[in-house]
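Student: For reference, the structure I am asking about is given below.
Please treat every number below as a calculation from the coordinates, not as lab data. Everything quoted here is computed from the prediction, not taken from an experiment. Note that each Cβ is placed from the backbone with ideal geometry, even for glycine, and that neighbours are counted across all protein chains shown.
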Amino acid sequence: MKLFKTIFVFSIINFGALYIGNILMNDGPRTAWYQNLNQAPWTPPGWFFGVAWSTIMICFSVYMAYLYKTMPNSKVKILFAIQFILNVIWNYIFFNQHLVGVALICIILLSLVVGKFLFAYKDQLKTKSLLILPYFIWLIVATSLNAYVFIYN
């Protein structure tokens with residue numbers, strides 16, 4: 001039962017991050033600025049982002065619950081906090097402030113942090129590490145989308 005409570009807490013935090021990021025992007029994907037950007041040909045349709053992020057945060061919440069249960073130390077908490085901040089501020093930097101280059105640095109850092117989760121704790125979590133793979137793969141795709149916008153605009 002304690003595992004389910006931990007999953008619930010991480011779900012609230014992770015979906016809270018999506019909610020805060022959504023507020024900070026200030027209707028970003030629907031703005032003329034974003035609509036007029038040269039976007040990568042592999043940019044998914046708008047609806048896909050909600051499905052992707054919902055799936056990612058469910059998997060990440062379960063992953064974090066297992067990791068926290070296995071290693072409830074400050075290193076894990078700090079890494080999670082860094083991930084949270086980078087995830088939230090990317091929306092503000094990219095969509096609200098239009099600082100595409102700074103956003104690219106932010107998403108690269110976020111990818112490195114999520115990669116650290118994936119590789120640093122794979123021995124402890126074994127196959128449960130697969131739960132963070134959607135997040136890591138999505139960040140690679142999202143980084144490529146951000147890089148395309150940076151290069152071609």
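Student: Restricting attention to helices (runs of 4 or more DSSP H) lying wholly within the range 37-153, give those where 1 or more residues are more than 18 Å from Ala17 (Cβ to Cβ) and within 17 Å of the chain's Cα centre (by Cα).
Tutor: Per the criteria, 46-70, 100-120, 133-152.
Student: I need a count of the residues in the range 81-96 that are surrounded by fewer than 16 Cβ atoms within 10 Å (Cβ to Cβ) and not small (Gly, Ala, Ser).
Tutor: Selection size over the range 81-96: 2.
Student: When residues of the range 100-133 are filtered for being crowded, with 16+ Cβ neighbours inside 10 Å, β-branched (Val, Ile, Thr) and closer than 17 Å to Tyr68 by Cα, how many remain?
Tutor: Total meeting the criteria: 3.
Student: Considering each residue of the range 122-132, count those that are without any contact (Cβ under 8 Å) to a residue 60 or more places away in the chain and either of a type in the set (Lys, Arg) or under 30 Å from Val102 (Cβ atoms) (or both), and give that number.
Tutor: Here the count works out to 2.
Student: Considering each residue of the range 91-148, count those that are among the polar types (S, T, N, Q) and under 20 Å from Gly50 (Cα atoms), and give that number.
Tutor: 6
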